[in-house]
Every structure is written in C-alpha cells, then in structure tokens.
Amino acid sequence: MRVLLLCPPVSLDGPLVRPRHAPHHTAIIAAALRDAGHVVVVQDPHRDTNELPALCAAARAARPDVLLLMGSDYNRKIAPTAMVRVAAALHDALPDIPQALYGRVNARVARSVLESLPAAQVLLFGEPEFTCREWVDAVASGVAPLDAAQAMAGAVWRRDGEIHLNDAVVPDLDLSPVPAWDLVPPQNYSFAPHQQAGDIVYPVLASRGCPYPCFYCEVRARPNYIARSVEAVVGELRVLRSRYAARSFFIADPTFGIDRDWAMAFCAQVQRQGWTDMRWSCMSRTDRVDEELLQAMARAGCWSVLFGIESLNAKALSTSKKAMDPATVGPALAAARRAGIETIVSLIVGMPDDSPAEFERTLDGIIALDPDFAQFFVMQLDSAEPPAGGRFLSDWQGAKHDFWGRVYAADAFTSEAQLQALRRRAFRRFYLRPKYVGGRVRALLKSGEPVVQLTRAARGGLLALRMAAGRDVA
C-alpha cells in the first residue's frame, strides 16, 4: 500500500514555526512500514505552509491508500485546536482513505485524546512503529479500518459514537528498525549551535520513557522506562555510519545514565568499535553521572552533555517533582570538565515555589560554576489545569523550540512580560561576561577544527544575542 505519514504544523495561526528536531518516531514508523513492503511518503510541511488548503492539496497529491496523521512526536506537539482542524480537514479532503492518528501517547490519556478529535476514528498509541505497522498491514489485507483497530493491542477506536480502548502493546524495542532518515532528512532541521559539532547530527533513541515524574516534561506522558539492548543501539550506529555516512550522533533519551550499568556497557562497546571519527552528545541529570561514567563517555566519543538542572532552588525542584539535589550540580559539571566534555545547563524561569529573587540566586550559582553553555526557558504546559502554587498566563503557544502549551508561572511572578524580561537578563548576564567571551576565544584558538568551531561560535553568539534581545529564533 501507499502510506502517507503527515506531520501537521505546530500551529495554524501566525507565522510558520520551524521545529528544531526532526520527527524521530515518524522516521522509525516510515522504516517499519517500508520494511513491511509498503510505499511510504512523509510530508512535514513545517518549512512550507501552515495553511489548511495547501496541506490538504499536498495530501491529495500524494495519492495515499492510507493516511497516518501525527498527533505528537519527539520534541514536538501540535496545538489542540490545530489538531481538531487538521483532522477534520483531512477527513473531508480524503473521505475514502483509511486514516489513523499516532503519537507519543500512552493508555492513560489515549481515550481523552481521541475524544478531543471528533473527526478521528482510530488512534494508535504506545510505541507507534509497532502499532502503525500492524494496523496498516491489516488494512492492506482487506480488513476494515475499525475492525483492524478493534482486533489489535495499542489502539483506541470510535464506532457509532462510542470510544473503545484496547490494551497497550508491550514491545521488544530491539525489533525497532533504523529510522528512514532518507525520508526525513535531518539536514532539514537545525540543532542549536551548542549541540552541533559542525556536521549533520543523527538522533538515536536508546530507550523510551523516563522514570522521573517532572511535571513540566513532555516525556511524562510515557513514564515506563524501556531500554534497547546495547547491541541493538550500537548496531543502529553502525548502520547509520554505513548508510548515511553519519559521524555525529545525539542520544535522544531524556536521561542518559538512568541505568548506569547499561551506560557503561554502551560506552565500552562503542570504544571497542574503534570509531575514532565518531562524536556524540546526550542529555542527563547531574545526579545520574559520576567521574567514572563521564570518563568512559569521553573515551567513547561523547563531547557534550546537556544537564536539565532547571533551578538550584531545592524547594522548587521538589515541588516540580524533579527530585534532584542541587548539591550534585557542581561536582557533575567539574567531573565533565575534567573528562573534556562540554556542558550545557538548562534553566526554567517561573517554577513553582520559585521567585524572581530565587531565580537570580540560581543564575548567580550557575555563573559561578561556569558551564560551557546555558539555555533559559519560560515554562509552558499542556495540562488542563495549572499545578498548585501557580497559574497560566497565556493561551496555548507553540512558537518556541522545546516547550508547547500555556505559559505557567509561580504566584511570585507577576506576568509573562516579567518572565521574558528575566529570561533576557539571564542570557545577557551569562553570555556577555568578559570572562566567558575570553574563555570561548581561548577554546577556539586551541581547537583542532578552527573553521568548524568558528562557524559554531558565530551561530551560537548570534543565537545568544537574539535570545538576549527577546527575539524568537526559527
């Protein structure tokens, strides 16, 4: 069958929003369907249009036998009102084509997601490469779309106005295929300069889910942590190196090092491959790394770690269910520096039980610890109600790279304008320090790749200046 995977725009209102990250799960689904013998077309019009007539015209032009509509993907969510309109428009534009939604959805919320989309009949949840392939295979064999959904795990479906929820899928992630990056070219997306070593970055998912319940994180929708085997992940790296000449990778798990034994085994296995031209980065927590692990990561080619710190205010971290001791931040950054790994810290303005004065104290502490880079976000949540101790300050927004939803702030903050002012001030205080600028220049001069690093520094500098000035970056 000819299958169209369609990634709708983040929002239908206002200017185009250009996501930083490729739709990773869509690329995996595309590979699974192609491996099953289907012809796959992927449309991600984020660079071209967010207008419904153009979106529907492109979908019709693809001549699909089946349409799979993305509801969410890795680091990408769609405005709820936009999803309602897109699903309805595609239903009307392709009335005779079987359609289903997929996304980063678990069984706890699958029913409510389908309820919110009156035009949709089938939602495939769990690990979508398995559920999408099973449903498409069944439809291709002649089974009616709703009957196919009714007969499988990992589907919620609507018949005669009544919604039915099936059991979830328990997958073997080692059977997950290597993403079809030829259908979703990573070069069409742009990592932040401080996360890019100069060439095309290929993301790799070594696991799914996360055991930490941080209420602001979109991964909380998938709380069950499941890891692939070390052999499967290294095998994917091998294929990406051979098929796409990939040399730079981003381990896209929300927290590398959750399973320390797995992380150590992965580093040892990568080092044994002798891939001296390979570089990779990851995200982690400062309470999940130590000297031995960071040294092992460096020997295996890791050059950068993004630490989600969010705040040095212990009460704010506890209220946000971050469950991290801020006393671990300094030792982790120092250990990474000794290992030769660049560090990025991520901070959030407006956390519960935080205040403008406490945020400034956090910023003072981070500047004293002197990580290589810092990024600052205003919290946005897609929950129906604001967490206790704060309130929503805006309608749903999708114009930022890594957060979507309504702007949230603790009661101690007065307005969204104040949050943005604090964020701009944080960028200025961190990046415009003479000590920082001098340090980056010295690092550039010592670099073995001066052209690459100069380009990266220029892009990063412009990004920081635009952020400091309060301008969003596409």
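Legend note: in the chain, cysteines whose Cβ sits 4.7 Å or more from every other cysteine Cβ are Cys7, Cys56, Cys132, Cys210, Cys267, Cys282, Cys302.
Region 1-37 and region 230-285 have Cα centres separated by 24 Å.
Restricting things to Cα coordinates, could you compute the convex hull volume per residue of region 382-443 in Å³?
Values: hull volume 7.4 nm³, N = 62.
Here the figure is 120 Å³ per residue.
Aspartates and glutamates within cross-link reach of Lys322: Cα-Cα under 14 Å, excluding same-chain residues under 8 positions apart? Partners found: Glu218, Asp287, Glu310, Asp353, Asp354. The C-alpha atoms of the chain define a longest principal axis, and helix 329-339 lies at about 90 degrees to it.
A straight Cα-to-Cα reach below 20 Å connects Lys435 with the lysines Lys446, residues fewer than 8 places away in its own chain not being considered.
Would you mind giving the average projected area, over all directions, of the Cα convex hull of region 299-424 in nm² with one decimal? Write down the numbers at each step before the final one.
Numbers: hull surface 32.5 nm².
Projected area, direction-averaged: 8.1 nm².
Helix 450-468 and the longest principal axis of the C-alpha atoms of the chain enclose an angle of approximately 80°.
The charge dipole of region 238-307, taken about its Cα centre with unit charges on the Cβ of Lys, Arg, Asp and Glu (plus for the first two, minus for the last two), comes to roughly 460 debye. Three principal axis extents of the chain based on alpha-carbon atoms, in descending order, are 66, 54, 37 Å.
With a cut-off of 8 Å between alpha carbons and a minimum separation of six or more residues, what is the relative contact order of the chain in percent?
Reported as a whole number, the value is 11 percent.
Computed as a quarter of the hull surface, the mean projected area of the alpha carbon convex hull for region 190-468 stands at 14.1 nm².
Assign one of three labels to region 90-158, namely rounded, prolate or oblate, based on the Cα gyration tensor with a ≥ b ≥ c the square roots of its eigenvalues; rounded applies when a/c is under 1.5, prolate when it is not and a/b is larger than b/c, and oblate otherwise. Intermediate results must be reported in sequence, preceding the final value.
On the way: a/c = 1.79, a/b = 1.11, b/c = 1.62.
Judged from the Cα gyration tensor, region 90-158 comes out oblate (a/c at least 1.5, b/c at or above a/b).
Axis of helix 260-273 versus longest Cα principal axis of the chain: the two differ by about 90°, to the nearest ten degrees.
Rounded to two decimals, the Cα radius of gyration of region 210-300 over 2.2 N^0.38 Å is 1.13.
Taking the Cα centre of the chain as reference, the dipole from Cβ charges on Lys and Arg (+1) and Asp and Glu (-1) amounts to some 1660 debye.
Pairs of Cα atoms nearer than 8 Å and 6+ residues apart set the relative contact order; for region 1-91 it is 48 percent. Candidates Ile78, Gln121, Pro53 compared by Cα position along the dipole of region 2-165: farthest toward the positive end lies Ile78, with charges placed on Cβ.
Based on the alpha-carbon gyration tensor of region 2-165, what equivalent-ellipsoid semi-axes (square roots of 5 times the eigenvalues) come out, in whole Å, largest first?
Numbers: eigenvalues 96, 61, 49 Å².
Values for region 2-165, descending: 22, 17, 16 Å.
Coordinate-derived values only; no laboratory data. Keep in mind that this is a model prediction, so the values were computed, not measured. Counting neighbours? That spans all protein chains shown, and the Cβs are built from the backbone with ideal geometry, glycine included.
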